[in-house]
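This report concerns only the one structure given below.
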Amino acid sequence: MPSPIYSDIVDYALDRLQCNVVTDPRFGTAEILRHANQAYLDVYEASGGAQTAAAGSTLWTGGGSASGAADFTLPGSSGTEEIAQFLQVWASTTLGSTGDFNSDIPLDPADYEEIVALQSLGSALGSYAAPKKYAVIRRAKTVDTEDSRYDLYWWPSVAGFYFPAHYIKQFDPFDGGATDRADVDDIGGHDIPLLMALRMAPLAGRAELVPSIAVDLSERMKKFLERKLSARISASQDR
C-alpha cells in the first residue's frame, strides 16, 4: 500500500481534530503545511530515510581521472535532490553501474586526512590495480542558490574507474501540492497525520483528544518519540 498523498494526510489530521468542517475553526494553509512538514520530518527520521543508488557518471564530474578527486554533481534533472549520508561507494569499470558487490569493488570509508596522507606517500606504498579507500567532503556553499556539493577523494589514485554510490537522501518537504506523496512506507504515511493532529490539538483547543490520537501511532513512532523525549530531558541517547 503506497503512502498517502498530501491532501489525504491533511484531511485525516483535521478529521482527528474535529476541525474539518466549516463550522469549526480552521487552520490556515501555510500553518497546515508547516505542521505537516514537521510531522513528515519526524517520520522520515524515524524510518531511517530513503536509500538511493546512482551511477558514478550521474554523481560525479571528473570521475575516472587519476587526480584522486572529483566534483559532485547533483543527481536528477531538477537539481534539487541532495545527499544526507553516503552508505557505500564503489569503484567500477562499468559506466552505468549503480553499485554491485558482485561486479564492482566496494571501497572502505576513510577520513580525508588519511587519504591525503596515503596519497602523499605515493609509490612508497607500491602499485595497485584499483582504488581501495574513499572520503567524501561536503563543500561550503559559495552562493545561497547553490545546492549541496561534495568532493570525492580516493586512494590509490588509479585512473579508469567510475564511482557509483548508495546514499540516504536528504529530507524533501511537502510543497503543498495536493498530490505530493510522502517518501516513507505505508506505516510512516499513517503516522504523519497523527503527529500533525497531536501538535495541532492544543492549538485548536482540543487538547483532550491527544491521548486518543497518540494511542493510534505505530509502535516504531512511539519508541522514536520516547527516545527523543528521553534525550531532551536527560541529554543521554543511550536508550
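What the table shows:
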item	result
Yes/no for Tyr128 being within 30 Å of Pro4 (Cβ to Cβ) and among the hydroxyl-bearing types (Ser, Thr, Tyr)	no
Scan of segment 170-193 for residues that are farther than 21 Å from Ala30 by Cβ and either surrounded by 15 or more Cβ atoms within 10 Å (Cβ to Cβ) or of a type in the set (Phe, Trp, Tyr) (or both), ordered by number	Gln170, Asp183, Val184, Asp185, Ile187, Gly188, Gly189, His190, Asp191
Subset tally (residues that are part of a helix (DSSP H, G or I) and surrounded by 15 or more Cβ atoms within 10 Å (Cβ to Cβ)) for segment 117-136	2
Qualifying residue in segment 158-174 (condition: modelled with pLDDT of 90 or more and farther than 20 Å from Leu87 by Cα)	yes
Odd one out for Tyr150, checked against (1) buried (at least 17 other Cβ atoms within 10 Å of the Cβ); (2) at pLDDT 90 or above; (3) within 21 Å of the chain's Cα centre (by Cα)	(2)
Considering residues of segment 73-109 that are among the β-branched types (Val, Ile, Thr) and modelled with pLDDT of 90 or more only, the residue nearest to Glu45 (Cα to Cα)	Val89
Unique residue being buried (at least 17 other Cβ atoms within 10 Å of the Cβ) and modelled with pLDDT of 95 or more when the list is Ala70, Ala46, Ala36, Ala55	Ala36
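The values are calculated or read from the model by the stated rules, or taken from the named source; none is laboratory data. Just so you know, these numbers come straight off a predicted model, no measurement behind them. Using ideal geometry, Cβ is built from the backbone for each residue, glycine included, and neighbour counts are taken over all protein chains shown.
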